[in-house]
Amino acid sequence: MFKIPTLSVALTAAVLTATATTWAAQDNQSRFLEVTVEEVAEKPLEAKLTGVEVAKPDEVAQGVVRIGDKIAFEIGGVKDSFIYIMNMDEQGTLRLIYPNRFAPEAEQSEKDVLIPAKEDKYKFQVSGEPGKEVVKVIAINGKNGVFETLLTELFEKDAAFPKAIVPTDDATDKLEEFFSTSKLGDVRETSLEYTVLK
């Protein structure tokens, strides 16, 4: 007779904990999206999610992908820039997905690129939990030692797609600080939001 209220309280506590975790992750994503730089380039940085091997191609244009889909990012206006791509999932986990162990060079020689390129020996396959995700594409004019050092402070070493080793709030603060102290025009960024479904 007393087990039912106890179970109910335990379930309520579990639901409240899960809801609080989701709210915190959404707040992390919102803060991550807000980290921006002023765009002054003649041709702005452009990025688009594209399906490579997807269950429902028509959904990709709407910003919807499914677990198991293979995707890439079309990025424009990046000739002679160093490109970095970060992904934050629904749980607030931040990863550096490009450059990575399979494609360690960030420098681009073409104006428009597909990452990963068709000839690359790796693909981005959607995995993890369903929910909202945010991708931030960063283009830096020339090699930037300060940013490279920042990446070594923020992300795991030697992982295929390194995960942040500091809390998401700290990583976001450090990225925001880097952007705010960079010379105008040297750093450009754009963000993409999409939904992952089962």
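Read-outs: derived from the displayed coordinates by stated rules, not from any lab. Predicted model, so just to flag it, every value in this text is computed and none were measured. Here the Cβ is made from the backbone with ideal geometry for all residues, glycine too, and neighbour counts use every protein chain on show.
With unit charges on the beta carbons (Lys and Arg positive, Asp and Glu negative) and the dipole taken about the Cα centre of the stretch 103-156, which residue among ALA103, ILE140, VAL113 sits farthest to the positive side?
Positive-most Cα among the choices belongs to VAL113.
First select every other residue whose beta carbon is under 9 angstrom from the beta carbon of PHE102; then total the charges, Lys and Arg +1, Asp and Glu -1.
Combined, the nearby Lys, Arg, Asp and Glu give +1.
I'd like to compare 117-125, 146-154: which one has the highest average count of other Cβ atoms within 10 Å, and what's the full order after that?
Values: 117-125: 12.1, 146-154: 14.4.
Ranking, from highest mean packing down: 146-154, 117-125.
With only Lys, Arg, Asp and Glu charged, each at its Cβ (+1 for the first two, -1 for the last two), find how big the charge dipole of the stretch 71-198 is about the Cα centre; round to the nearest 20 debye. Please report the intermediate quantities before stating the final value.
Numbers: 16 positive and 24 negative charges, 69 e Å.
Computed about the Cα centre, the dipole is about 340 debye.
Cβ neighbours within 10 Å, averaged per peptide: list 129-142, 80-93 in order, most packed at the top.
Working: 129-142: 18.6, 80-93: 20.2.
Averaged packing, sorted descending, gives the order 80-93, 129-142.
Using a 7 Å offset from the Cα along the Cα-to-Cβ direction at both THR149 and ASP173, what is the distance between the two label points in nm, to one decimal?
Spacing of the two 7 Å Cα→Cβ label points: 1.9 nm.
In a shell of Cβ-Cβ distance under 14 Å around ASP69, excluding ASP69 itself, what net charge do Lys and Arg (+1) and Asp and Glu (-1) give? Write down the numbers at each step before the final one.
Working: positive: LYS56, ARG66, LYS70, LYS123, LYS198; negative: GLU53, ASP58, GLU59, GLU133.
Here the charged neighbours net out to +1.
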